[in-house]
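The values are calculated or read from the model by the stated rules, or taken from the named source; none is laboratory data. Being a predicted model, the structure only gives us computed values, none of them experimental. As a convention, Cβ positions derive from the backbone with ideal geometry for all residues, glycine included, and neighbour counts pool all protein chains shown.
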Amino acid sequence: MSVLSDGSFLWYLNRATGLVSLLLMTATVVLGVLVQRQVRLPGLPRFGTVGLHRDVSLVSAVLLVVHVVSAAVDGYVSIGWLDTVVPFVAGYETSWVGLGTLAVDLTALVVVTSLLRGRLPLRVWRGVHRTSYALWPLAFVHGLGAGTDLGSGWLLAGAVACAVAVAAATAVAVTGRLRVRPALDRAPAALARTRADLPAGRVPAFRNR
């Protein structure tokens with residue numbers, strides 16, 4: 001009996017899009033750190049990493065939409081349309097599905113603010129965009145608890161590899177931010193000392209360019 005004829009197509013679609021979306025979310029986090037660190041990937045110009053990061057995140061969001069819709073349409077478990085946007089109200093695996101719903105809501109927030117980036121203050125956009133670091137663990141724990149695929153075998157090994165990649169990328173991002181912040185904090189004091197050491201009347205004038 002084929003997948004289409006026995007009604008299991010939505011079940012397979014839901015599982016497949018969930019797994020691939022998790023992989024792409026992992027790639028998005030890693031690429032985001034590379035963009036932040038201004039790392040150039042082999043064969044791509046520097047701006048190519050930014051474009052790749054954006055494209056991978058958009059594909060991940062599209063697959064996430066398919067994952068959510070297939071779960072709501074499939075009658076195998078009791079997940080309604082309200083459950084896909086309001087966390088912790090689903091009749092099936094309430095806690096695990098609720099974590100997935102939070103991940104969906106955060107994804108929608110990040111995508112919308114990214115599309116409106118030119119119209120938002122940079123500080124607002126950055127603050128919202130950093131919530132993507134919470135998005136990944138929510139999706140990961142949701143997949144472990146609500147799904148039946150990540151519990152063993154090569155899929156579990158792949159999930160662990162994704163977790164290691166995201167943990168390493170996050171550590172690099174945090175370390176880089178800790179190194180940059182002290183330098184920025186020391187800049188005003190260094191500038192004041194430089195001006196104090198100059199002879200009177202020789203303080204350089206800084207022009208806005």
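Scanning region 113-140 for residues that are among the hydrophobic types (A, V, I, L, M, F, W, C), crowded, with 16+ Cβ neighbours inside 10 Å and within 18 Å of Ala167 (Cα to Cα) yields a count of 5. Is it the case that some residue within region 94-112 is surrounded by fewer than 19 Cβ atoms within 10 Å (Cβ to Cβ), among the hydrophobic types (A, V, I, L, M, F, W, C), within 18 Å of the chain's Cα centre (by Cα) and over 21 Å from Val166 (Cβ atoms)? Scanning region 94-112 turns up at least one residue that is surrounded by fewer than 19 Cβ atoms within 10 Å (Cβ to Cβ), among the hydrophobic types (A, V, I, L, M, F, W, C), within 18 Å of the chain's Cα centre (by Cα) and over 21 Å from Val166 (Cβ atoms).
Each residue in region 44-96 was checked for being over 20 Å from Leu24 (Cβ atoms) and assigned to a loop (DSSP other than H, G, I, E, B), and 18 pass.
For region 38-51, does any single residue satisfy the condition of being in contact with a Leu (Cβ under 9 Å, 6 or more places away or on another chain) and either modelled with pLDDT of 90 or more or acidic (Asp, Glu) (or both)?
Here is the first cut: in region 38-51, the residues in contact with a Leu (Cβ under 9 Å, 6 or more places away or on another chain) are 40-41, 44, 48-51.
Okay, now just the ones that are also either modelled with pLDDT of 90 or more or acidic (Asp, Glu) (or both), so none.
Among the residues of region 38-51, not one is in contact with a Leu (Cβ under 9 Å, 6 or more places away or on another chain) and either modelled with pLDDT of 90 or more or acidic (Asp, Glu) (or both), which makes the answer no.
Taking the residues in region 115-165 that are part of a loop (DSSP other than H, G, I, E, B) and over 20 Å from Gln36 (Cβ atoms) as candidates, determine which candidate is modelled with the highest pLDDT.
At the first step, the residues of region 115-165 found to be part of a loop (DSSP other than H, G, I, E, B) are 116, 120-121, 130-131, 147-152.
Pick out the ones that are also over 20 Å from Gln36 (Cβ atoms) and you get 116, 147-152.
Values: Leu116: 88, Gly147: 72, Thr148: 70, Asp149: 71, Leu150: 70, Gly151: 66, Ser152: 69.
By that ranking, first place goes to Leu116.
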